[in-house]
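The values are calculated or read from the model by the stated rules, or taken from the named source; none is laboratory data. Predicted, not measured: the structure shown is a model, and the values here were computed from it. Glycine also receives a Cβ, built like all others from the backbone with ideal geometry; neighbour counts cover every protein chain displayed. Ligands, DNA and RNA are excluded from the accessible area calculation, which covers all protein heavy atoms including side chains. Shrake-Rupley method; radii C 1.70, N 1.55, O 1.52, S 1.80 Å.
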Amino acid sequence: MITAAQMRAARALLGIDQRRLAELAGVSLPTIQRMEASEGTVRGVVETLVKVIEALDRAGIELIGDDAVSERGGRGVRLKHSQSANTS
């Protein structure tokens, strides 16, 4: 899944605001605001979470889970490649 901090970090890497993420994911702005305001792992309708995660993936974001290989462990985000035109 995804945490609120990962969502905010992903948006920052892409240089987009909450409204743009909502557009890319096909969800409402209040939904994105509610997700990002949550503590820890974002909870909600699974279909909505999948839409947001898929939108971030299409835009070039890789979510790093707790059990993913990384030097220091923990969660995070990183760009998979240069920014996609989908974020413009």
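A few remarks follow.
- Placing pseudo-labels 7 Å out from each Cα toward the beta carbon at LYS80 and ALA37 gives an inter-label distance of 3.1 nm.
- For THR3, the residues whose amide H sits under 5 Å from its own are VAL42, ignoring neighbours fewer than 5 places away on the same chain, with H placed 1.01 Å from N.
- Between amide H atoms placed 1.01 Å from N, distances below 5 Å from ILE61 occur with LYS80, all of them 5 or more places distant or on a separate chain.
- Summing Lys and Arg as +1 and Asp and Glu as -1 over all other residues whose Cβ lies under 12 Å from the Cβ of ALA55 gives a net charge of +1.
- Loop-located GluC sites (Glu not before Pro) in the range 14-68 whose Cβ has at most 15 other Cβ within 10 Å (DSSP): GLU39
- Computed accessible area, ILE53, all protein chains, 1.4 angstrom probe, square angstrom: 50 Å²
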